[in-house]
Amino acid sequence: MGSSPQFMASSPGYGTGRRKSQFTYRQLGLLASYSTSSPLRVIAHIDLDAFYAQCEMVRLGLPDDQPLAVQQWQGLIAVNYAARKFGIGRHCNVTEAKKLCPGLIAQHVATWKEGDEKWAYHDDAAAHIGTHKVSLDLYRLESRKILALIHDCLPANQQKVEKAGIDEVFVDLSAQIHSIMLQRFPELANPPPYDDPTEKLPLPPITALDWQADNLVDLDNADDEADDPDWDDVAILIGAELVRDIRAEVRAKLGYTCSAGIASNKMLSKLGSGFKKPNQQTVVRNRAVQQFLSGMKFTKIRNLGGKLGDQVAVRFETELIKDLLQVSLDQLKSKMGEDTGIWIYNTIRGIDTSEVTPRTQIKSMLSAKSFRPVINRQDQAVRWLRIFVADIFSRLVEEGVLENKRRPKTIHLQHRHGGLTKSRSSGIPLGKTIDETILFDLAKTLLNQIISEGHVWPCANLSLSVGGFEDGITGNMGIGAFLVKGDEARAANAVAGGPREGGAGVLPHDRMTKTGQRANGPDIQRFFRKETSSGEEPIDTSERGDGSDPHQELWLDEQGDTSAARPINVPISEETSVSCPRCNVKCEDEIALQSHQDWHFAKDLQEEERQATQQTARSQKPGTAAASSSATKRSNKSTGKLEQGQKRLKFG
Ligand code: CTP
Ligand code: CA
Ligand code: CA
């Protein structure tokens, strides 16, 4: 930890406009237990800069100023900051990017080559979209190392870290900061006057804080800068110091730069980490929140980027937080529903009581491929299944299946033919250590089941996943162990999810939990179901009926990694805009891209319907060639309903 003096002591009695802190002993105490209702809590969001690009830089041992982009087929999936200076972004294709910067290294992402047993870097991968499949193993591996190092930087008994994507985490620093505050300011450890925890704390014995090189968001009222700091400023300053040290460790030990946001909740810290990049950290003090938010579009806020944000924008005819701040709570409730209205009302005021939920365990793993061109034969499909199995198995080994630490219970295969998706699942037999042969045989059986139904060629996409992970049973466990597990599971369920965890009530911070009110009514959950799904968890695509998910198509099916599939709600700057791989139209962010691709999908369905109707009409005419072709018979129109025998997948 940094040892530079951060606080400047003031002479007693100096600057005593207020003689007491606005915070109470009780509120300070709440910090130690990570209470979401402490107004002193400090949350950091740490996000790696141009992550995949940095992984390649580190792997290749390149200097920081070397422009590099990570290529996937002809597109770019990550662009380092040296290359962004040339105007290169994820919207560029390789040719455009090289025109902008001839010295650019366009490193193709590693791939599994059809028939190979292991992924590798292939020079000719870009030309072989038909026979190669992207592997993100390196990035996953680096991500794990970084996560482990972040854990190492924190005291063993004060680690509350939530992996929020392949390259980002939330860290709740509250308890650690509480300990540090008591060490540095021993007067805080004294019992409150009259033993009354609602008594106000004394003011910090300091007048100016040293923020070093941090970006400080301007205060709501410029004159406030002259005010003496209170304990929330001190707490967040200690947080900034801890995060600076974590970032320095990650850089020194692993070679990666990252950016961070430090604030009193997850929403603000996430906005903070994206505020200034690369290799910088932004502190959003409580007194600066309104100023920070008011200039922003609410669509940049976690969970307001998608359909919910669109609805709000349409109903209130604005995308700006400052306009929405004028809307009364009653109006918000009447137009958006009770819970959603309350949630929005609080969120745009910087209130977010959602918890940092440690979620380091993988729930499922998926390996998939979209076929362009489509494939037409079983033996081709089987060759891909072999790759999927190798891919998943290597990740299972890392997860400890060989030592029986954890094992998945189920395996699922999903198959897409035109707009129709079929899926089959089966249990993975217990009692034997899982190996590649077992998985491959199960996958082939599932494929046979799907094929036996007919109407499966050509196939546009296959995806194999394993789920329902359980801790391996090692040693004797009585029934008690299972009961504990059940409780843990319930506890985990109770806290799962994003903003619906809290953001409740319109009362001030410290009184919010007393109301017991929660903004997690069904209406709001509907919006967040997809966006808050945990990093490693495949979405139950069959829930959409049509089994489609164009977003998945682009980022998940191709790359086969669900944790990379949701780098959601990162404030999108011009450079990080994305373009549609089909028509190249530029979308502001992934969510906009998703809606755009939904549109493509709907058009495709329409077109298929049209063709199917034409073909049916033709086949009904006696004597036409198509009359007896089974391929033209469609037992199930693209109605969005499940196929006969198709099951809804449930991941554990
Ligand atoms: N990624 C992806 N699909 C997306 C967005 C991102 O596969 N739709 C990958 C990128 O390749 C990236 C990583 O996930 O390297 C993390 O994404 P993100 O944090 O959004 O962007 P970065 O590339 O890390 O850039 P930044 O410095 O802006 O964070
Ligand atoms: Ca990033
Ligand atoms: Ca990210």
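The table that follows gives values for the structure above.
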read-out: Restricting segment 36-67 to residues that are within 10 Å of ligand 2 (Cβ to nearest atom) and under 30 Å from Asp232 (Cβ atoms), the residue that is farthest from the chain's Cα centre (by Cα); value: Asp49
read-out: The listed residue being touching a helix residue (DSSP H, G or I) at 6+ places or on another chain (Cβ under 6 Å), open to solvent by 10 Å² or more (accessible area, probe 1.4 Å) and either away from ligand 3 (no atom under 16 Å from the Cβ) or closer than 15 Å to Leu48 by Cα (or both), out of Thr282, Thr299; value: Thr299
read-out: Positions within segment 396-411 being open to solvent by less than 10 Å² (accessible area, probe 1.4 Å) and either within 15 Å of Gly427 (Cα to Cα) or in contact with a Gly (Cβ under 9 Å, 6 or more places away or on another chain) (or both), in sequence order; value: Gly400, Val401, Pro408, Ile411
read-out: Unmet criterion (only one of (1) open to solvent by less than 40 Å² (accessible area, probe 1.4 Å); (2) without any contact (Cβ under 8 Å) to a residue 24 or more places away in the chain; (3) hydroxyl-bearing (Ser, Thr, Tyr)) for Thr111; value: (2)
read-out: Any hit, segment 365-372, residues being more than 28 Å from Lys118 (Cα to Cα) and of a type outside the set (S, T, N, Q); value: no
read-out: Criterion (at negative phi and either open to solvent by 40 Å² or more (accessible area, probe 1.4 Å) or of a type in the set (Val, Ile, Thr) (or both)) met by exactly one of Ala127, Ala106, Ala120; value: Ala127
read-out: Selection from segment 323-349 of residues that are in contact (Cβ under 8 Å) with a residue 24 or more places away in the chain, touching a Ser or Thr at 6+ places or on another chain (Cβ under 9 Å) and over 20 Å from Asn265 (Cα atoms); value: Leu324
read-out: Residue in segment 262-278 that is away from ligand 3 (no atom under 16 Å from the Cβ), in contact (Cβ under 8 Å) with a residue 24 or more places away in the chain and surrounded by fewer than 24 Cβ atoms within 10 Å (Cβ to Cβ) present; value: no
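Okay, residues lined up against (1) more than 13 Å from ligand 1 (Cβ to nearest atom); (2) part of a loop (DSSP other than H, G, I, E, B):
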residue: Phe86; (1), (2): yes, yes
residue: Gly89; (1), (2): no, yes
residue: Thr95; (1), (2): yes, no
residue: Leu147; (1), (2): yes, no
residue: Pro155; (1), (2): yes, yes
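The values are calculated or read from the model by the stated rules, or taken from the named source; none is laboratory data. Quantities reported herein were computed from a predicted structural model and do not represent experimental measurements. With ideal geometry, Cβ positions are generated from the backbone for all residues, glycine too; neighbour counts draw on all protein chains shown. Ligands, DNA and RNA are stripped out before the accessible areas are found, and what is left, the full protein with its side chains, is counted by its heavy atoms. Shrake-Rupley method; radii C 1.70, N 1.55, O 1.52, S 1.80 Å.
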